[in-house]
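A.B. asks: Starting off with a structure, shown below.
The values are calculated or read from the model by the stated rules, or taken from the named source; none is laboratory data. Small disclaimer: the values here were computed from a predicted structure and weren't measured. A quick note on method: Cβ atoms are made from the backbone with ideal geometry, for glycine too, and the neighbour counts reach across all protein chains shown. Heads up: the accessible areas ignore ligands, DNA and RNA and are worked out on the full protein's heavy atoms, side chains in. Shrake-Rupley method; radii C 1.70, N 1.55, O 1.52, S 1.80 Å.
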Amino acid sequence: MAPSYEDCSAFGRAVIHQMKKTILLPGKKVKILLTGIFTVYICPLHRGVDVIMGSKKNRRYWSFVFCMRIQDEQLKRFILDAGLITKADIAAAEKVAKEEERTLSEALIAHGHMSEDDMRRVESYVLGIPFVSLKNMKIDFETLTLIPEPVARAHNIIAYKESEDSLEVAMLDTADLPAIDFIKKKVELRIQPRLTDTESMRLALRQYQKTLKDEFGDLIMKDASELKVLNEEGEEMSEKELKQMAEDLPVVRIVDTLLRHAIIQGASDIHIEPMEEEVLVRYRTDGILHDAMKLPKIAADSIVARLKVLSNLKLDQKRLPQDGRFKMEMDGQKVAFRVSILPVFYGEKVVMRLLRENRSGFSLEGIGFHGETLERIHRATRATTGIILVTGPTGSGKSTTLYTILDILNTPEVNISTVEDPIEYQMARVNQSQVKPDIGFTFAAGLRSLMRQDPDIIMVGEIRDQETASLAINAALTGHLVLATLHTNSAAGTIARLIDMGAESFLLVSTLRVAIGQRLVRRLADDKIMYTLSKDEREKLAEKVDLDRVMACLKEEGVVKSDATWNDVPFYHPKEKGETEDGFKGRMGIHEVLQMSPTIKDMVMANKTGDEVAAQATTEGMLTMIEDGIVKAAQGLTSIEEVLRVINE
């Protein structure tokens with residue numbers, strides 16, 4: 001019978017004491033005699049030592065691993081020698097570690113001195129554990145699935161390389177011995193742990209997920225074939241029959257699979273569209289709508305009925321549009337689905353917006369603000385009164401920008417209240433109200449009520465009419481900081497739009513701090529293809545954007561050298577069928593931030609046009625959206641074609 005981990009731990013003290021007297025070389029066994037009873041062979045391994053212990057009496061030998069972690073003093077010495085952190089930061093982290101009873105590494109991570117991935121690289125170097133990046137690695141599917149997906153996700157462990165007698169696994173924590181033991185027993189191979197980073201783990205876990213059709217096609221089609229048809233005559237079904245249909249096991253599995261796969265793929269919307277002979281399922285990912293799967297026509301009514309049950313909508317109402325909402329949790333992530341059902345010619349079309357709740361950690365830099373545009377927003381947030389407006393078409397990231405600004409302003413010293421439609425992200429310490437126009441609770445009514453709630457900061461989801469605009473301006477005039485969104489095409493267009501709504505220009509110029517115009521562009525994946533602009537390409541691009549202003553911005557922010565020319569600036573194309581299907585991964589904002597200067601105030605009072613105001617703002621240093629997009633393209637974050645596509649839309 002092999003010794004337990006407790007036995008190993010107790011025995012380990014004696015072994016480690018002896019190890020201090022012994023020179024250990026990787027892979028070389030050292031024989032040690034303890035108490036004259038046991039013979040111990042110690043073989044140094046990554047992250048610890050393999051100890052083979054046997055009794056002369058019973059001739060049985062056991063092998064187990066003593067886990068070794070970096071000691072605080074060892075970590076401190078390495079970090080200081082490498083110059084990664086200052087002595088002052090180390091001292092502060094040591095104090096926190098002592099007060100909070102943490103290790104030094106935990107304190108450094110918790111207080112932002114090092115990221116978890118930085119710490120893993122340090123561990124890799126100090127402990128001699130190989131560090132692997134899986135970012136551009138296509139893992140053989142058979143090797144990948146040696147570890148079941150639930151285990152891989154729960155323990156952050158990926159099988160990526162298999163040989164005759166061993167399996168190399170990438171982990172975020174190579175001290176996770178239970179996971180290693182489980183896999184060793186399952187695959188019956190020697191396990192070789194390797195450290196990796198968070199992004200590599202995320203991308204590798206995604207390789208479990210093929211396309212919806214490849215992964216779930218057979219399963220969904222099988223479930224669809226088992227769907228029961230309660231009424232084959234084309235007559236209207238009763239609510240009882242529809243409810244029975246919605247609770248049928250095959251349709252429950254189909255809907256659950258569609259929703260879960262959309263979450264995994266990072267979709268923002270799901271479209272379920274009835275056609276003449278089939279049902280089309282489409283996902284919107286990174287702003288682009290694409291087909292996910294086609295289902296047999298028989299599945300249409302069952303899927304819609306199931307979604308109506310989840311959303312608490314009327315099952316027997318098929319002639320009027322309906323809106324609802326439901327939530328589900330997957331891998332600890334809560335996702336709310338905003339459901340819209342619309343009667344169409346071949347049945348009912350369903351569109352669901354996915355809203356990932358409790359999202360935090362956004363920063364203005366993280367969503368694409370930089371340089372002077374970033375500084376203008378910070379100046380506006382430091383004010384205690386006035387209006388900050390975010391403008392753009394539907395789906396341009398306005399809400400994310402507002403919530404990010406709110407997160408900066410959200411301190412214990414202020415009272416923040418919002419009126420929204422819908423509440424997309426739930427925020428701690430923020431009083432969020434959902435408008436309900438059907439009972440008279442509109443943006444205007446909500447804003448009027450908020451004024452009696454002693455707020456310091458107010459957020460209005462959208463200014464849609466004259467009453468809401470007037471109330472927002474009055475709130476700013478009476479000592480509140482107001483954040484709101486508006487549907488216009490540019491930052492300069494917000495002024496004309498508000499005046500068209502009936503806002504008084506002299507009140508508007510007194511309250512508006514900044515107007516932020518924005519769009520979303522797709523980010524390039526890491527395997528992008530570099531190139532430089534030819535003379536013809538530069539001339540064509542110069543017809544759409546002021547390249548001199550863009551170059552000045554790049555030099556000012558240190559992106560390129562002070563003597564650089566366009567021949568020195570790399571741009572990138574997406575690599576299709578590479579790391580991702582289209583060469584893009586995720587989205588980011590391109591922005592323009594108009595600041596109300598004395599000159600622009602005078603122009604508004606003189607009823608100048610939006611184009612004239614925009615020209616003056618550019619003269620005063622405003623970077624336009626297209627210019628900001630080209631700056632980001634020069635930084636390798638997106639492509640010129642993507643910027644032009646979004647701007648032209």
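A.B. asks: Over the heavy atoms of residue 327, what accessible area does a 1.4 Å probe trace out, to the nearest 10 Å²?
C.D. replies: That residue has around 120 Å² of solvent-accessible surface.
A.B. asks: Pick out, in residue order, every one of the GluC sites (Glu not before Pro) in the range 98-170 that is DSSP loop and has at most 15 other C-beta atoms within 10 Å; say none if there are none.
C.D. replies: 101, 164
A.B. asks: Taking amide hydrogens as modeled 1.01 Å from N in the peptide plane, which residues meet the under 5 Å criterion relative to residue 523, leaving out close sequence neighbours?
C.D. replies: Here 585, 586, 587, 588 satisfy the definition.
A.B. asks: Find, among the GluC sites (Glu not before Pro) in the range 535-634, those assigned to loop by DSSP (not H, G, I, E, B) with at most 10 other beta-carbon atoms within 10 angstrom.
C.D. replies: Filter output for the range 535-634: 543.
A.B. asks: Just to confirm my numbers, what's the Cα centroid distance between the range 242-308 and the range 510-535 in Å?
C.D. replies: Comparing the Cα centres of the range 242-308 and the range 510-535, I get a distance of 33 Å.
A.B. asks: Can I ask one more? Using θ = phi - 60° and the Karplus curve 6.51 cos²θ - 1.76 cosθ + 1.60, what whole-Hz ³J(HN,Hα) does each residue of the range 411-417 get, with Gly and Pro shown as x?
C.D. replies: 10, x, 7, 10, 9, 10, 10
A.B. asks: Further question: Using 0.36 nm per residue, how much length does the chain from residue 601 to residue 649 gain when fully extended, once their Cα-Cα distance is taken away?
C.D. replies: Working it through step by step, the gained length comes to 14.3 nm.
A.B. asks: Holding the Cα-Cα limit at 30 Å, pick out from 327/632; 87/555; 334/575; 294/318; 135/186 the pairs that are longer than that.
C.D. replies: Violating the 30 Å Cα-Cα cut-off are 327/632; 87/555; 334/575.
A.B. asks: Calculate, for the range 121-185, the solvent-accessible area per residue in square angstrom, rolling a 1.4 angstrom probe over the heavy atoms of the protein chains.
C.D. replies: So the range 121-185 comes to 51 Å² accessible per residue, rounded to a whole number.
A.B. asks: Ok, one more. Which percent of the accessible heavy-atom area of the range 420-516 goes to carbon and sulfur, probe 1.4 angstrom?
C.D. replies: Result for the range 420-516: 45 percent of the exposed heavy-atom area is carbon or sulfur.
A.B. asks: Per residue, how much accessible area does the range 543-593 show when a 1.4 Å probe rolls over the protein heavy atoms, in square angstrom?
C.D. replies: Per residue, the range 543-593 has 54 Å² of solvent-accessible surface.
A.B. asks: Still on this structure, please answer the following. Have a look at 267, 293, 310 and report the one farthest towards the positive end of the charge dipole of the range 245-322, computed about the Cα centre with Cβ charges (Lys/Arg +1, Asp/Glu -1).
C.D. replies: Final value for the positive-end residue is 310.
A.B. asks: Could I ask something else about it? Hey, any idea what % of the range 566-624's accessible area is carbon plus sulfur with a 1.4 Å probe?
C.D. replies: 47 percent
A.B. asks: Can you give the FRET efficiency for residue 137 and residue 374, using 1/(1 + (r/R0)^6), R0 = 41 Å, r = Cβ-Cβ distance, to the nearest 0.05?
C.D. replies: 0.70
A.B. asks: Beyond 23 Å between alpha-carbons counts as too far, so tell me which of 561/585; 138/577; 398/528; 398/608 fall in that bin.
C.D. replies: 561/585; 398/528; 398/608
A.B. asks: Going toward the positive end of the dipole of the range 518-565, with +1 on Lys and Arg Cβ and -1 on Asp and Glu Cβ, which of 551, 520, 532 do you reach last?
C.D. replies: 520
A.B. asks: In the range 89-182, which trypsin sites (Lys or Arg not before Pro) are in a loop and have at most 13 other Cβ atoms within 10 Å, using DSSP for the loop call?
C.D. replies: Counting only loop positions with at most 13 other Cβ atoms within 10 Å, the trypsin sites (Lys or Arg not before Pro) in the range 89-182 are 138.
A.B. asks: Over the range 332-476, give the accessible area per residue in Å² for a 1.4 Å probe, as an integer.
C.D. replies: On a per-residue basis, 43 Å².
A.B. asks: Which one of 91, 172, 137 has its Cα pushed farthest toward the positive end of the charge dipole of the range 79-182, where Lys and Arg give +1 and Asp and Glu give -1 at the Cβ?
C.D. replies: So the residue furthest toward the plus end is 91.
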